[in-house]
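The values are calculated or read from the model by the stated rules, or taken from the named source; none is laboratory data. Just so it is clear, the model here is predicted, and its values are computed rather than measured. With ideal geometry, Cβ positions are generated from the backbone for all residues, glycine too; neighbour counts draw on all protein chains shown.
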Amino acid sequence: MTARSPHDPARRQGRLPRLWPDMLPGLMAVLALLPACTALQGIVRSVVLWATVALLFNSRRVLLACLLPVVVLLPAALYYISISGVPPGYPLWLILFYCSFPVVLGYVRPVLPYLGAWTLVWLVLAGFYLSRPRGVVVGWRGRTRLACVAVLLAWTVVPTVQLWRHLPPTRGGTENPMVPIHSRFDRAWPWSMATGYVAARRETRRVSEMARRISHEPIHFDPAPPTTPQVIVLVIGESARRDHHHSYGYGLPTTPEMEQVPGLVRFDDMVTPFDYTVGAVPVILSGYDRLRPGAMPGHDLVSVFNAAGFDTWWISNHPRLGPYDSVIGAYSEQARHIAYTTVHDGLMSSPVLDGRMLPVVDQAIADAHGRVFIVLHLFGSHENAADRYPRGFASLGTAYDNSIAYTDHMLAHVRATLAAHGGESALFYVSDHGVRVTECTGGIPAHGDVRAAYEIPFYLWTSTAWQAAHPQAAQAARDNVHVPLTLAALPPSVLDAAGLYYGAADAGLSVLSVHPAHMTRIVHGDSTTNQNVDYDHSHDDGRCHIARD
């Protein structure tokens with residue numbers, strides 16, 4: 001019998017049916033890796049994990065079955081990357097957990113026909129491939145293959161365990177540890193979906209636990225809350241240092257509008273215990289310093305004002321959920337009216353300019369016919385500061401100073417709205433913390449525990465009607481402008497302005513008290529060596545960290 005040449009057409013025809021189907025897993029592997037191409041670390045980690053799966057099962061059919069759902073979801077993953085710049089993961093799961101099914105369906109309905117056609121094509125191709133045995137991925141002996149699997153798993157697992165063990169002590173016990181774990185895989189699609197799911201589930205549980213810890217026990221006021229109509233507004237700023245405010249002596253005109261406000265009281269020695277938002281804002285709202293030994297969450301301002309019969313508002317330009325926002329979101333859920341002005345209703349979204357909040361604030365004040373409490377949470381001067389103000393405020397030379405000038409404009413607008421509304425009203429403004437501006441940053445403002453980052457602005461404005469009704473408190477505020485303060489003074493001061501007193505509140509800390517109590521001002525640095533520092537006996541070390549004298 002004459003042997004056929006390997007180039008014989010008949011022989012080629014006999015090989016094609018076997019060759020083309022076996023190319024399918026390779027094509028699907030390439031498609032599965034596409035979303036991971038946003039970063040080199042994403043490609044490397046995704047390839048390692050897929051190689052682990054391939055070697056562990058060593059079956060082409062199993063590998064293709066694993067690749068199939070990833071390829072089917074490819075258009076959705078690419079669309080998400082076009083919006084966010086990263087593969088789907090933790091933020092997407094948070095959105096899905098907090099959106100109803102009709103809302104999710106509304107997002108995907110326009111592309112459902114295309115997704116359906118794409119899915120059908122791949123189901124047919126995969127069905128054809130899986131209908132026959134396809135053999136192994138590699139022909140290695142069992143021990144060799146298992147040794148490779150062990151090496152790949154160790155390459156993945158060991159650094160992850162080390163990361164878990166070395167989470168910063170000031171963050172690890174009180175924040176979501178799965179977020180930094182997920183960050184190792186946030187570009188490694190589709191594994192980012194798995195780690196993101198775990199992190200998001202833990203985050204939702206954390207928010208629920210925080211909401212439960214916020215005390216809802218009955219509050220007994222003594223004396224009874226006043227019934228006089230009034231509007232109390234608390235503006236929480238972001239990342240604004242006191243020494244960059246012209247009203248406190250800074251050389252550039254960063255506060256031109258509020259400086260013209262008659263009767264504005266500026267407290268010049270306020271200190272925050274934290275250099276980051278998730279630690280500072282709970283102190284502003286409830287006095288809860290989570291790193292102080294024995295501290296427990298108590299009544300927050302929103303809950304107290306609810307109990308006193310006030311109409312309560314929470315208006316924010318921050319994301320509603322996320323590693324640095326969920327704890328604050330738990331407080332916001334206590335308000336009767338909640339408005340998030342970020343791009344996607346506060347769900348892990350990028351903030352727009354703070355001015356987006358002004359129409360909501362104006363409406364809340366205009367509709368105030370009784371007693372109203374409003375919390376306004378600005379994005380202020382948060383990095384990147386260049387994104388925090390419109391072009392009309394780009395005149396001071398640095399983005400950070402421009403952002404402070406824009407916050408000054410926001411405050412002046414709210415103050416003017418309150419004045420136009422009439423009646424008794426009070427406006428408190430305090431920043432949660434400052435940032436490093438030039439200290440060890442190369443001129444780019446960034447979070448950090450330099451001493452000046454704990455020195456924050458604190459304003460109080462009250463209407464003429466409020467001052468007439470509370471002359472002693474108004475005079476006390478003016479007398480206390482040089483008193484050393486910490487954020488723990490905020491809750492009792494806001495309650496004092498509204499005439500709300502109950503047993504658990506320490507009215508002696510209020511800046512409206514004739515003789516406010518003094519307390520040791522402990523601030524928390526970012527390492528184990530400066531976790532608790534007496535601010536009044538501290539300095540900056542050579543690496544731009546606050547340190548004990």
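Quick look at the numbers
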read-out	value
Residues of region 413-448 satisfying the condition of being at pLDDT below 95 and of a type in the set (Asp, Glu)	Glu439
Residue list for region 302-340, restricted to those being modelled with pLDDT of 75 or more and of a type in the set (Ser, Thr, Tyr)	Ser303, Thr312, Ser316, Tyr331, Ser332, Tyr340
Long-range neighbours under 6 Å by Cβ, at least six apart or interchain, first residue under 14 Å from Gln531 (Cβ atoms) and modelled with pLDDT of 80 or more within region 284-301, second surrounded by fewer than 22 Cβ atoms within 10 Å (Cβ to Cβ) and not basic (Lys, Arg)	Asp289/Ala295
Qualifying position, being in contact with a Phe, Trp or Tyr (Cβ under 9 Å, 6 or more places away or on another chain) and either in the same structural domain as Glu455 (by TED's automatic domain parsing) or farther than 16 Å from His246 by Cβ (or both), among Leu411, Leu396	Leu411
Those residues of region 129-158 which are within 25 Å of Leu27 (Cα to Cα), part of a helix (DSSP H, G or I) and of a type in the set (D, E, K, R), in sequence order	Arg145
Checking Ser425 against (1) in a strand (DSSP E or B); (2) within 18 Å of Val281 (Cβ to Cβ); (3) not hydrophobic (A, V, I, L, M, F, W, C), the condition it does not meet	(2)
Exclusive hit being at pLDDT below 90, within 30 Å of Arg290 (Cα to Cα) and either buried (at least 19 other Cβ atoms within 10 Å of the Cβ) or of a type in the set (Asp, Glu) (or both), set His166, His182	His182
Residues within region 39-84 that are among the β-branched types (Val, Ile, Thr) and at pLDDT below 90, tallied	2
Hey, His382 more than 22 Å from Thr462 (Cα to Cα), buried (at least 19 other Cβ atoms within 10 Å of the Cβ) and touching a Ser or Thr at 6+ places or on another chain (Cβ under 9 Å) or not	yes
Qualifying position, being within 30 Å of Ser538 (Cα to Cα) and touching a helix residue (DSSP H, G or I) at 6+ places or on another chain (Cβ under 7 Å), among Leu427, Leu460, Leu418, Leu396	Leu460
Some residue of region 366-374 being assigned to a helix (DSSP H, G or I), among the hydrophobic types (A, V, I, L, M, F, W, C) and surrounded by fewer than 24 Cβ atoms within 10 Å (Cβ to Cβ)	yes
Elements of type helices (runs of 4 or more DSSP H) in region 226-338, at least 1 residues being over 20 Å from the mean Cα position of the chain (by Cα), assigned by TED's automatic domain parsing to the domain that holds Leu495 and surrounded by fewer than 24 Cβ atoms within 10 Å (Cβ to Cβ)	301-307
Failed condition for Asn176, given (1) in a loop (DSSP other than H, G, I, E, B); (2) touching an Asp or Glu at 6+ places or on another chain (Cβ under 9 Å); (3) modelled with pLDDT of 90 or more	(3)
Condition met for Pro471 (on the phi < 0 side of the Ramachandran plot and surrounded by fewer than 22 Cβ atoms within 10 Å (Cβ to Cβ))	yes
